[in-house]
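Chemist: Sharing a structure with you now.
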Amino acid sequence: MGSTKSFEFDRVFSDTATQGEVFEDVSQLVTSALDGYNVCIFAYGQTGAGKTFTMEGPKEEPGINYRTMKELFRSIEDERPDNSYDITCSMVEIYNEAVHDLLNETDHRKEMELQSCKGGFSVPGLTEEKVLSPGQIFEIMAAGFKHRAVGCHDINAHSSRSHCLLIVNVAGTNLSTGVRTHGKLTLCDLAGSERV
């Protein structure tokens with residue numbers, strides 16, 4: 001017989017919780033990225049638990065990825081008129097310990113090298129797209145998700161065994177003081193974990 005484990009949670013959502021309610025709980029993290037912090041929002045759980053639904057969601061009820069990008073640009077426009085921001089994004093898939101650049105139009109199945117560096121990790125040669133609006137990021141995400149599914153006949157089996165990361169770099173400059181910040185927002189749909 002297995003051992004008993006206990007876990008603490010800040011909050012547990014019922015099965016009737018809306019995408020908006022879930023996003024509201026993490027929305028303040030967008031401000032942290034604008035302030036120069038590294039932020040990661042991820043979905044974890046067993047295959048079929050709703051991780052991809054929570055992160056992507058259907059068109060009529062968008063998930064965390066889409067709501068976060070809208071909030072990022074809304075915050076910049078409405079709350080930070082004294083700052084200028086450069087925003088770039090990348091998408092990677094990690095499948096069978098191989099890293100793939102989902103935005104590489106010519107060879108998105110090419111294995112990339114993951115390197116540790118000060119403050120985290122880097123993927124030399126990773127495609128970075130400069131973005132000016134949530135709509136541009138949505139188009140980039142759609143292209144990346146399309147590439148994620150290529151080469152596998154059972155898309156759900158493939159996606160449930162791979163991690164998908166949307167990486168948004170936020171470089172800010174205060175126009176009054178010249179102070180610069182650099183934050184990173186990583187949105188991650190983790191592979192299914194059957195050891196939950």
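The values are calculated or read from the model by the stated rules, or taken from the named source; none is laboratory data. Keep in mind it's a predicted model, so treat the numbers as computed, not measured. FYI the Cβ positions are ideal-geometry reconstructions off the backbone, even for glycines, and counts take in every protein chain you see.
Chemist: Quick one: in the range 135-147, of everything that is surrounded by fewer than 18 Cβ atoms within 10 Å (Cβ to Cβ) and under 14 Å from the mean Cα position of the chain (by Cα), which residue is nearest to S84 (Cα to Cα)?
Modeler: We begin by selecting, within the range 135-147, every residue surrounded by fewer than 18 Cβ atoms within 10 Å (Cβ to Cβ); these are 135-136, 138-139, 142-143, 146.
Adding the requirement that they be under 14 Å from the mean Cα position of the chain (by Cα) leaves 138, 142.
Details: F138: 21, A142: 27 Å.
Within the range 135-147, the match that is nearest to S84 (Cα to Cα) is F138.
Chemist: Related question: Going through the range 7-42 one residue at a time, which ones are assigned to a loop (DSSP other than H, G, I, E, B) and either touching a strand residue (DSSP E or B) at 6+ places or on another chain (Cβ under 6 Å) or of a type in the set (G, A, S) (or both)?
Modeler: Scanning the range 7-42 gives S14, A17, S27, G36, Y37.
Chemist: Next up: T4 fails exactly one of the following numbered conditions: (1) in contact (Cβ under 8 Å) with a residue 24 or more places away in the chain; (2) farther than 27 Å from G183 by Cβ. What is the number of that condition?
Modeler: (1)
Chemist: Let me ask something else. For A98, all conditions in the list (1) at pLDDT 95 or above; (2) surrounded by fewer than 20 Cβ atoms within 10 Å (Cβ to Cβ); (3) within 18 Å of S122 (Cα to Cα) hold save one; what is the number of the exception?
Modeler: (1)
Chemist: A further question on this structure: Only one of these is surrounded by fewer than 16 Cβ atoms within 10 Å (Cβ to Cβ), modelled with pLDDT of 90 or more and of a type outside the set (F, W, Y): E71, E24. Name it.
Modeler: Every option except E24 fails the conditions.
Chemist: Moving to a separate point now. Filter the range 46-76 down to the residues that are more than 22 Å from T181 (Cα to Cα), under 15 Å from the mean Cα position of the chain (by Cα) and among the polar types (S, T, N, Q) and list them by number.
Modeler: If the condition is that a residue be more than 22 Å from T181 (Cα to Cα), under 15 Å from the mean Cα position of the chain (by Cα) and among the polar types (S, T, N, Q), then T52, T54, N65 are the ones that fit.
Chemist: Among (1) over 19 Å from L190 (Cβ atoms); (2) free of Cβ contacts under 8 Å to residues at least 24 places away in the same chain, there is one condition L114 misses while meeting the rest; what is its number?
Modeler: (1)
Chemist: Suppose we filter the range 101-127 for residues that are surrounded by 12 or more Cβ atoms within 10 Å (Cβ to Cβ) and either in a loop (DSSP other than H, G, I, E, B) or touching a helix residue (DSSP H, G or I) at 6+ places or on another chain (Cβ under 6 Å) (or both); how many remain?
Modeler: 10
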